[in-house]
Amino acid sequence: MKAVIFDMDGVLVDSERQWKLASQAQMRRLAPRWSETDSEAVVGLGVVELHEYLERHHAPAPSRTEFLKVCDGLADEVYGRRVTRAAGLEDLLGALVARGTQIGLASSSPRPWVDQVLDRFALRPFFGALATGDETPGRVKPEPDLYLLAAARLGVAPRACTAVEDS
């Protein structure tokens, strides 16, 4: 194993639960029939894919611009105030660095949200490569594109990488 590529939401930080708590009222405002089933169905989706889900299942959906503004406001609340770093994360990252293992991040979240987490918790120095959902619109997880992009940016063959993913 030459590299480990981490997911962010639910792996580095406890954001999935926090997103659910923070977004319920907003989602019901945008889609009055929003249910627990919808909440479960959208776990792990990028914001573009989430908007497409709204368009398919809760027409009429807000415009993409309006929806992205709502999501950015929620992201500031979730990543800026609510999330906590996974227990033992810094020790694990330090041990990987000490072994000479390269570290990447592959997140369906947009780059500004990833940057907010990396900066808030001082994690940026551990990561040699980032791949974010706004770089592969329409091709986020479970598609492999983000992991393949992170591996390429690390200069490591995908077969020499280990992925840490919760979805």
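The values are calculated or read from the model by the stated rules, or taken from the named source; none is laboratory data. It should be emphasised that the depicted structure is a prediction, and the values quoted were computed from it without experimental measurement. Counting neighbours? That spans all protein chains shown, and the Cβs are built from the backbone with ideal geometry, glycine included. Ligands, DNA and RNA are excluded from the accessible area calculation, which covers all protein heavy atoms including side chains. Shrake-Rupley method; radii C 1.70, N 1.55, O 1.52, S 1.80 Å.
Can you spot the aspartates and glutamates whose alpha carbon is less than 18 Å from Lys69's alpha carbon? Ignore those fewer than 8 places along the same chain.
Of all the aspartates and glutamates, those that pass the test against Lys69 - Cα under 18 Å, at least 8 places apart if same chain - are Glu49, Glu52, Glu55, Glu77, Asp115, Asp134.
Restricting to DSSP loop positions (anything but H, G, I, E, B) with no more than 13 other Cβ atoms inside 10 Å of their own Cβ, which GluC sites (Glu not before Pro) remain in the range 71-150? Please list the in-between numbers first.
On the way: sites: Glu77, Glu90, Glu135; in loops: none.
Answer in residue order: no site qualifies.
Name the long-range amide H neighbours of Val164: under 5 Å, sequence gap of 5 or more, or other chain; modelled H, no Pro or chain starts.
HN-HN under 5 Å from Val164: Ile5, Phe6, Asp7.
Using the Karplus equation 6.51 cos²θ - 1.76 cosθ + 1.60 (θ = phi - 60°), what ³J(HN,Hα) coupling, rounded to whole Hz, does each residue of the range 61-70 give in order, writing x for Gly and Pro?
8, x, 4, 4, 4, 4, 5, 5, 5, 4
Could you list which residues have their amide H under 5 Å from that of Ser109, counting only those 5 or more apart in sequence or on another chain, with H placed in the peptide plane?
Sorted by chain and number, the residues that satisfy this are Gly133.
What is the range 53-148's relative contact order, in percent, from Cα pairs under 8 angstrom and six or more apart in sequence?
24
Over the chain, what is the relative contact order in percent, taking alpha-carbon pairs closer than 8 angstrom and at least six residues apart? Show your work: numbers first, answer last.
Values: 227 pairs, mean separation 61.8, N = 167.
Relative contact order comes out at 37 percent.
How much length is gained on full extension from Ala95 to Arg111, taking 0.36 nm per residue of separation minus their Cα-Cα distance?
Numbers: separation 16, 0.36 × 16 = 5.76 nm, distance 2.57 nm.
Between Ala95 and Arg111, full extension yields an extra 3.2 nm.
With both partners inside the chain, how many of the DSSP beta bridges are antiparallel, as a percent to the nearest 5?
On the way: 1 of 14 bridges.
Among the beta bridges of the chain, antiparallel pairing accounts for roughly 5 percent.
Can you give the Rg/Rh ratio of the range 1-45, where Rg is from the C-alpha atoms and Rh is the Kirkwood radius? Show your work: numbers first, answer last.
Details: Rg = 13.8 Å, Rh = 12.1 Å.
We get a ratio of 1.15 for the range 1-45.
How large is log10 of I(q)/I(0) for the range 8-167 at q = 0.14, 0.18 Å⁻¹ when the intensity is taken from the Debye formula with one equal scatterer per alpha-carbon?
Debye intensities relative to I(0), on a log10 scale: -0.72, -1.13.
Would you give the gap between the C-alpha center of the range 140-167 and the C-alpha center of the range 1-54, rounded to a whole Å?
After rounding, the separation between the Cα centres reads 20 Å.
Which shape class, rounded, prolate or oblate, goes with the range 75-152 when its Cα gyration tensor gives a ≥ b ≥ c as root eigenvalues, a/c under 1.5 marks rounded, and past that a/b bigger than b/c marks prolate? All intermediate terms of the calculation are to be shown ahead of the outcome.
On the way: a/c = 2.21, a/b = 1.10, b/c = 2.00.
Oblate is the answer for the range 75-152, as a/c is 1.5 or above yet b/c matches or exceeds a/b.
Can you work out the accessible area per residue across the chain, with the rest of the protein chains kept in place, probe 1.4 Å, in square angstrom?
Details: 8390 Å² over 167 residues.
Accessible area per residue: 50 Å².
About the Cα centre of the chain, how large is the charge dipole given +1 on each Lys and Arg Cβ and -1 on each Asp and Glu Cβ? Please answer in debye to the nearest 20. Don't skip to the answer; put the middle values down first.
Details: 20 positive and 24 negative charges, 40 e Å.
So the dipole magnitude of the chain works out to roughly 200 debye.
Which order do peptides 153-163, 31-41, 47-57, 106-116 fall in by mean Cβ count within 10 Å, highest first? Can you show the working numbers first?
On the way: 153-163: 15.1, 31-41: 12.4, 47-57: 17.5, 106-116: 21.8.
Output ranking for 153-163, 31-41, 47-57, 106-116: 106-116, 47-57, 153-163, 31-41.
Which residues among the range 72-107 fall inside the zone where the amide N is under 20 Å from a point 7 Å beyond the Cα of Lys20, along Cα→Cβ?
74-87
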